[in-house]
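Data block below; observations after.
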């Protein structure tokens, strides 16, 4: 397993675990990022900028620190 931050644009993966506190996990679930969901990396901005992921047809920008707490299995 790797983190969302380690994936490359265009890659897909299945979310296997979300690390962090209860509030962090709740926030990500509200965005649709939760265990079992398929995510795809759309873009990664340079210089520690945000990462845009697609979940259920919606594009969401998240920070790299948050992306490092989402463990995925690349498909």
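Across region 6-20, not a single residue is classified as without any contact (Cβ under 8 Å) to a residue 60 or more places away in the chain, more than 11 Å from the chain's Cα centre (by Cα) and not in a loop (DSSP other than H, G, I, E, B).
Assigned to a strand (DSSP E or B), under 17 Å from residue 2 (Cα atoms) and free of Cβ contacts under 8 Å to residues at least 24 places away in the same chain, is that true of residue 52? Here the answer is yes, as residue 52 does meet what is asked. Tell me, yes or no, whether region 55-68 has at least one residue that is surrounded by 12 or more Cβ atoms within 10 Å (Cβ to Cβ) and out of contact with any strand residue (DSSP E or B) (no Cβ under 9 Å at 6 or more places or on another chain). No, the conditions are met nowhere in region 55-68. Among the residues of region 21-32, those that are more than 10 Å from the chain's Cα centre (by Cα) and part of a helix (DSSP H, G or I) comprise 22, 23, 24, 25, 26, 27, 29, 30.
Looking across region 34-50, the residues that are at pLDDT below 95 and either surrounded by 17 or more Cβ atoms within 10 Å (Cβ to Cβ) or in contact with a helix residue (DSSP H, G or I) (Cβ under 8 Å, 6 or more places away or on another chain) (or both) come down to 34, 44, 48, 49, 50.
The values are calculated or read from the model by the stated rules, or taken from the named source; none is laboratory data. As the structure is a computational prediction, the values presented were derived from the model and not from experiment. Positions of Cβ are backbone-derived with ideal geometry, glycine not excepted, and every protein chain shown enters the neighbour counts.
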